[in-house]
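Contents: one structure, followed by commentary.
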Amino acid sequence: MGLRARKPVVTIRPFELWDDFRRTGWHHELVARHQTHRGPGPEDERLFAVGQLPALRGATSDLCWLLDRGYAARSAVELVGNRHSLTSRQRMAVARCACSDEDARQRQRLCIEPGQLAGRELWLDGYNVLTLLESALAGGIVLLGRDGCCRDIAGIHRRHRKVQETLPALRLVGETASAWGVVCCRWWLDKPVSNSGRLKALILDAAAESHWPMQVELTFSPDHVLSHTDQAIASSDGIVLDRCQRWVNLARRIIGERILQARVLDLCAAGA
């Protein structure tokens with residue numbers, strides 16, 4: 001008897017990751033090719049329903065406990081994921097919310113207030129900031145981490161495509177930076193990601209139309225650039241935040257003040 005081909009199963013709400021890490025890359029590109037929103041995936045309502053929160057919060061608490069004691073992140077995520085019977089999508093969410101107490105305190109120590117940006121440049125982790133705001137605008141799940149950062153579970157998957165939320169997200173960044181007195185927003189985009197050149201042109205066109213001082217740089221490693229600059233940066237990437245000199249919580253402020261309908265999920269909160 002011949003083996004039946006397994007059908008790919010799409011996962012979660014805000015973003016296009018599958019519920020199984022074994023899914024191959026062409027599935028992601030197929031989704032992206034037809035994507036018009038950066039919104040929730042079809043399984044998010046179930047995977048992040050109210051009834052799932054006790055397990056998700058318990059897993060996040062357990063993961064933070066292990067990280068506080070020096071456990072390797074990868075093995076710790078597997079351990080708590082197995083204990084709480086989480087899908088790969090749920091494990092990703094838990095991992096993006098958790099960090100050690102030491103890391104959380106160090107990140108907050110380096111976080112500056114918007115008022116300190118007046119007359120200065122702000123360097124942006126381009127895809128990190130943009131994808132998060134697109135997801136928030138589209139009704140995707142926004143995770144609130146232990147370190148106070150908002151994060152999504154979308155991802156780019158080697159290619160960026162403009163969605164209906166792209167221009168509104170750019171406007172929110174431009175308007176917020178202008179209100180803060182930032183003299184220039186410098187976007188850093190991953191050069192290997194397909195369509196980065198098109199996104200650069202889109203950002204510059206939007207900036208010119210609204211008279212926002214913005215520049216866009218393409219580089220093979222925005223993380224390296226942002227980790228070593230003495231300029232203030234905007235990112236929610238934990239690795240970058242652990243290495244940078246100072247940062248501002250741009251995305252969380254925009255979501256909290258301008259995207260009031262955002263679906264923010266705090267897995268670090270105690271109780272319901």
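The values are calculated or read from the model by the stated rules, or taken from the named source; none is laboratory data. Keep in mind that this is a model prediction, so the values were computed, not measured. So basically every Cβ, Gly included, is an ideal-geometry build from the backbone, and we count neighbours across all protein chains shown.
What residue, among those in region 217-233 that are farther than 17 Å from R109 by Cβ and in contact (Cβ under 8 Å) with a residue 60 or more places away in the chain, is surrounded by the most Cβ atoms within 10 Å (Cβ to Cβ)? The extreme case among them is L226.
Among the residues of region 246-255, none qualifies, meaning not one is assigned by TED's automatic domain parsing to the domain that holds H160 and free of Cβ contacts under 8 Å to residues at least 40 places away in the same chain.
Residue-level check: of (1) at pLDDT 95 or above; (2) more than 15 Å from the chain's Cα centre (by Cα), S236 misses just (2). For region 163-192, filtering for residues that are surrounded by fewer than 17 Cβ atoms within 10 Å (Cβ to Cβ) and either closer than 19 Å to D237 by Cβ or at pLDDT below 95 (or both) leaves 2. For the residues R83, R57, R74, R38, the requirement of being on the phi < 0 side of the Ramachandran plot, of a type outside the set (A, V, I, L, M, F, W, C), at pLDDT below 95 and not assigned by TED's automatic domain parsing to the domain that holds A154 singles out R38.
What is the residue count in region 125-152 for residues that are farther than 17 Å from I239 by Cβ and hydrophobic (A, V, I, L, M, F, W, C)? Matching residues across region 125-152 total 8.
Can you list the strands (runs of 3 or more DSSP E) found entirely within region 190-269 that contain at least 1 residues being farther than 25 Å from L56 by Cβ?
Working: elements: 214-219, 232-234, 263-266.
Fully inside region 190-269 and qualifying: 214-219, 232-234.
For A136, are the conditions met, namely being touching a Pro at 6+ places or on another chain (Cβ under 9 Å), within 22 Å of G256 (Cα to Cα) and among the small types (G, A, S)? Yes: the conditions hold for A136.
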